[in-house]
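Participant: Before I ask anything, let me first share the structure, which is written out below as structure tokens.
The values are calculated or read from the model by the stated rules, or taken from the named source; none is laboratory data. Predicted model only: the values in this text are computed from it and were never measured. As a convention, Cβ positions derive from the backbone with ideal geometry for all residues, glycine included, and neighbour counts pool all protein chains shown.
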Amino acid sequence: MSGPSLSSIATVEDVVRLIDARKPDHVNVGFGDMPGQLRVKYVSTERFLSALDKGLCFAGAALALDHGDVQRPARGVSSGEGVVFGDRLCRIVPDSVREIPWESPSRNLLFLADFEEPEGPLHSRNVYLRVLARARARGLRAFHSSEYEFTMFDETPRSIREKDYRDLRLATLDNSYLLMLRQGVDSGFYNALMDSCKRMDIPLEGVHEEMGAGFMEAALAYREGVRAADDAMLFKTVAKIVAQRHDKLITFMARWSNRADGQSGHIHVSLRDAQGDPVFHDPTQPRNMSRRMRHFVGGLQALLPELLILFGPTVNSFRRYQPWIFSPVAATWGWENRTCALRLIGGSPQSQRIECRVPGADANPYLALACVLGAGLWGMEREIEPDEESTWNVYENLDKVAPKHRFPRSFAEAIERFDASAAARDLFGARFVDAYVETKRAQDEEFAALVTDVELRRFLEFA
């Protein structure tokens, strides 16, 4: 492909040179909404070049769209006095450029855009950038990677609706952990996924069959800053597209069945200083755990219960926070302990890190990463010491967990804890917290009023 490499694009001038060399007729421009879905439109090259300087407009109310395009109330965007559902200005991000593998060369460039004021504080990518700026102000560089569990079905969006979401066919009939047999049979999907990620510069470190019918896991490689968050959002979108182009369907729903384990979106995080030296490693300390790593863990342990709604963003998310399905139920920490919310991983100075096992696969990657980084920084700023390490199976010893570290029991409780959190408003901005809480309360009220199939089976005859 002619022109500058995509990895070299950093400025508006670089983008102009790229467009001049490739001469596309259209360019894809999009943004991540509040649930973490990628929303994109084709823009003519002429309009795109103009927008590099002047900006490009999207409907502000799109930021408050829930799954299935349910319009949620969000103060100043889709609810409140004076709201007219107008367009809002976004700025194209030059170094966000990717190449869409299934599009023709005449329209295969993708750029992300960030909302400006007044909607800027509600845009999840901006929320992450706000927290990242806090890290950089302390001379710190943040590195992240994400792992996603998901389930694949031998279904299509049309077939699941025709079945009313019942008797769905899984891509594998039984547990097939790492089985080459199953992965070989579905090699068409796997190859397309790996090839698509490579073309889009999404660093897919590994993908394999997990322990469960149709259950799979993918791990993304470490990246610095917002690039890691972009990778995660794009991966979830690309995986769904590739599956549907192979007449299959993928879900990242936190728990799609009572008979299945929850689906997680684990986050690995580490910090380096301005010189590139690891911050979490100190050979003079027990387990090489530096004071700043301890304080990072302390901040996470202190804030996870009140920030949980960012990791579990839907009513369904809280079906996952149950013991014995490898999902955390309290803000605990331990070295190599997968029953804890925070699993600490040792090794070389470069590899020592924290795995946050709290997010569901359904979490918005920008908000989940902002939460992990923000809570850790909050602890470092206050030099918060974590409680005693959990060296035991947390599920078998819940009585050892302090009440303050227990997670909210319900979606509704998590919403109110987040609303009351002074730390959340400090880290993410009061305007974002108010809008996010409003959208989640609306979702909770909607589902609280629904009659479920379980209620019918339990009460219809006998009540």
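Participant: Going by what's in this entry, would Val238 be described as of a type in the set (Val, Ile, Thr), modelled with pLDDT of 95 or more and closer than 29 Å to Tyr321 by Cβ? Explain how you work it out, then say what you get.
Facilitator: Working: of a type in the set (Val, Ile, Thr): yes; modelled with pLDDT of 95 or more: yes; closer than 29 Å to Tyr321 by Cβ: yes.
The answer is yes for Val238.
Participant: While we're looking at this one, here's another question. Of these, Pro283, Pro323, which one is in contact with a Phe, Trp or Tyr (Cβ under 6 Å, 6 or more places away or on another chain) and in a loop (DSSP other than H, G, I, E, B)?
Facilitator: None of the others qualify; the one that does is Pro323.
Participant: Listed residues Gly312, Gly334, Gly374, Gly347; which is assigned to a helix (DSSP H, G or I) and either under 23 Å from Gly276 (Cα atoms) or not β-branched (Val, Ile, Thr) (or both)? Break it down into steps so the answer makes sense when it comes.
Facilitator: Numbers: Gly312 fails: assigned to a helix (DSSP H, G or I); Gly334 fails: assigned to a helix (DSSP H, G or I); Gly347 fails: assigned to a helix (DSSP H, G or I).
That would be Gly374, the only listed residue that is assigned to a helix (DSSP H, G or I) and either under 23 Å from Gly276 (Cα atoms) or not β-branched (Val, Ile, Thr) (or both).
Participant: Same structure again: Looking only at helices (runs of 4 or more DSSP H) that lie completely in the stretch 379-460, which have at least 2 residues being touching a strand residue (DSSP E or B) at 6+ places or on another chain (Cβ under 9 Å), in the same structural domain as Ile345 (by TED's automatic domain parsing) and touching a residue at least 12 places away in the same chain (Cβ under 8 Å)?
Facilitator: Helices (runs of 4 or more DSSP H) meeting the threshold: 430-448.
Participant: All but one of (1) farther than 30 Å from Phe153 by Cβ; (2) touching a His at 6+ places or on another chain (Cβ under 7 Å) hold for His268, so report the exception by its number.
Facilitator: (1)
Participant: (1) free of Cβ contacts under 8 Å to residues at least 12 places away in the same chain; (2) within 23 Å of the chain's Cα centre (by Cα): which one isn't true of Arg319, the others all being true?
Facilitator: (1)
Participant: Also, I was wondering about something else. Against the definition (assigned by TED's automatic domain parsing to the domain that holds Arg259 and crowded, with 19+ Cβ neighbours inside 10 Å), how does Glu149 come out, yes or no?
Facilitator: Considered against the rule, which asks whether it is assigned by TED's automatic domain parsing to the domain that holds Arg259 and crowded, with 19+ Cβ neighbours inside 10 Å, Glu149 comes out as yes.
Participant: Going through Gly214, Gly184, Gly262, Gly188 one at a time, which residue ends up being of a type in the set (Gly, Ala, Ser), without any contact (Cβ under 8 Å) to a residue 24 or more places away in the chain and farther than 26 Å from Gly379 by Cβ? Even if it seems obvious, please write down each step before you answer.
Facilitator: Details: Gly214 fails: without any contact (Cβ under 8 Å) to a residue 24 or more places away in the chain; Gly262 fails: without any contact (Cβ under 8 Å) to a residue 24 or more places away in the chain; Gly188 fails: without any contact (Cβ under 8 Å) to a residue 24 or more places away in the chain.
The unique qualifying residue is Gly184.
Participant: Checking the structure you have, find out if any residue of the stretch 290-301 is part of a loop (DSSP other than H, G, I, E, B) and more than 21 Å from the chain's Cα centre (by Cα).
Facilitator: yes
Participant: Residues that are crowded, with 20+ Cβ neighbours inside 10 Å, in the same structural domain as Arg319 (by TED's automatic domain parsing) and over 20 Å from the mean Cα position of the chain (by Cα): find the strands (runs of 3 or more DSSP E) completely inside the stretch 188-267 holding 1 or more of those.
Facilitator: Passing ranges, in order: 204-209.
Participant: Further question: Please work out if Asp195 is at positive phi, modelled with pLDDT of 95 or more and out of contact with any strand residue (DSSP E or B) (no Cβ under 6 Å at 6 or more places or on another chain).
Facilitator: no
Participant: Now for a different question. For the stretch 118-131, state whether one or more residues are outside any helix (DSSP H, G or I) and loosely packed, with under 15 Cβ neighbours inside 10 Å.
Facilitator: yes
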